[in-house]
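Undergrad: This is the structure I want to talk about, given as structure tokens.
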Amino acid sequence: MATRALFPTLLYNAALQKQGARAFNARLLREIKQLGHDDVAGRKWSLRNYPGGFTSYASVNRLHTVSPTFAALEKKLLPHVRRFCRELQLDLVQRKLVMTDCWANIMPAGVVHGMHLHTLSTISGTYYVRVPPHSSGLKFEDPRLDRMMAAPPRLANSRLENRPWVLVPANAGHLILFESWLRHEVPTNQSRTERVSISFNFNWF
Ligand code: NI
């Protein structure tokens, strides 16, 4: 081939575990529901910053350090993060990647989470606990988009890697990993019941 791909943007999407996802998700869901009741600071913060939904992003954001269930999630996530880092060929010799943040999100119908990236972090991701029918996926943006001033649009049927935005469907029991600088959003949720997810950051410094 005369043409090759340079500077790819890698995305990791896999099932967290081979079996037992249903029982594990039920445990996580119970704790997240309880947190939604108990975390008054989080509910207050969500009113302004996550209207219609609940996130513990600014209140209880180190869940892996306070809950054995979330500590178990961290343990299950680690081999996936390592595999993704190997694919990215990150030089992590004498640099240890650790989970720095882990928070829960409850998204009822009509809630949206606008375009953003995760600062002060290396690898970020989401694990899906409950994904009812018609739930939003995770929408990623081409990181070079702000440079494409006079570039023609891509063909409607262009290959996924050539599109300016890609929507990755959410699946209960699955995780998505990406480099923290990659912008993403959760479009308006259209599920009748709540979509529940856990977001996290891994950092090396
Ligand atoms: Ni995010």
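The values are calculated or read from the model by the stated rules, or taken from the named source; none is laboratory data. These figures come from a predicted structure and were not determined experimentally. Please note: Cβ atoms are built from the backbone with ideal geometry, for glycine as well, and neighbour counts cover all protein chains shown. Just the protein is used for accessible areas: all its heavy atoms, side chains included, with ligands, DNA and RNA removed. Shrake-Rupley method; radii C 1.70, N 1.55, O 1.52, S 1.80 Å.
Undergrad: From the residues in segment 1-48 that are over 20 Å from the mean Cα position of the chain (by Cα) and of a type in the set (A, V, I, L, M), which one is most open to solvent (accessible area, probe 1.4 Å)?
TA: This residue is Met1.
Undergrad: Related question: I'd like the full set of residues that are open to solvent by less than 50 Å² (accessible area, probe 1.4 Å) and either small (Gly, Ala, Ser) or under 18 Å from Leu182 (Cβ atoms) (or both), limited to segment 132-144.
TA: Scanning segment 132-144 gives Ser135, Ser136, Gly137, Leu138, Phe140, Glu141, Asp142.
Undergrad: Just a yes or no: is a residue in segment 130-140 within 14 Å of the ligand (Cβ to nearest atom), touching a residue at least 60 places away in the same chain (Cβ under 8 Å), closer than 25 Å to Leu47 by Cβ and not in a loop (DSSP other than H, G, I, E, B)?
TA: There is no residue in segment 130-140 that is within 14 Å of the ligand (Cβ to nearest atom), touching a residue at least 60 places away in the same chain (Cβ under 8 Å), closer than 25 Å to Leu47 by Cβ and not in a loop (DSSP other than H, G, I, E, B).
Yes/no matrix, rows are residues, columns are (1) in contact (Cβ under 8 Å) with a residue 24 or more places away in the chain; (2) in contact with a Phe, Trp or Tyr (Cβ under 7 Å, 6 or more places away or on another chain):
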| residue | (1), (2) |
| --- | --- |
| Leu73 | yes, yes |
| Phe84 | yes, yes |
| Arg163 | no, no |
| Glu179 | yes, no |
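Undergrad: Suppose we filter Ala109, Ala104 for residues that are within 14 Å of the ligand (Cβ to nearest atom), farther than 20 Å from Phe7 by Cα and touching a residue at least 40 places away in the same chain (Cβ under 8 Å); which single one remains?
TA: Ala104
Undergrad: Another question about this same structure. Only one of these is open to solvent by 50 Å² or more (accessible area, probe 1.4 Å) and in contact with a helix residue (DSSP H, G or I) (Cβ under 9 Å, 6 or more places away or on another chain): Thr65, Thr69, Thr55. Name it.
TA: Exactly one residue qualifies, and that residue is Thr65.
Undergrad: Within segment 154-180, restricting attention to residues that are away from the ligand (no atom under 12 Å from the Cβ) and among the polar types (S, T, N, Q), which residue is surrounded by the fewest Cβ atoms within 10 Å (Cβ to Cβ)?
TA: The residue in question is Asn157.
Undergrad: While we're on this one: Please state which one of Leu77, Leu117 is aliphatic (A, V, I, L, M), open to solvent by less than 10 Å² (accessible area, probe 1.4 Å), within 16 Å of the ligand (Cβ to nearest atom) and within 14 Å of the chain's Cα centre (by Cα).
TA: Going through Leu77, Leu117 in turn, just one is aliphatic (A, V, I, L, M), open to solvent by less than 10 Å² (accessible area, probe 1.4 Å), within 16 Å of the ligand (Cβ to nearest atom) and within 14 Å of the chain's Cα centre (by Cα): Leu77.
Undergrad: Same structure again: Give just the number: which of (1) surrounded by fewer than 21 Cβ atoms within 10 Å (Cβ to Cβ); (2) within 11 Å of the ligand (Cβ to nearest atom); (3) in a loop (DSSP other than H, G, I, E, B) does Met149 not satisfy?
TA: (2)
Undergrad: Further question: Could you tell me which of the residues Arg195, Arg183 is touching a residue at least 12 places away in the same chain (Cβ under 8 Å), open to solvent by 20 Å² or more (accessible area, probe 1.4 Å) and either away from the ligand (no atom under 12 Å from the Cβ) or of a type outside the set (Asp, Glu) (or both)?
TA: On inspection, the qualifying residue turns out to be Arg183.
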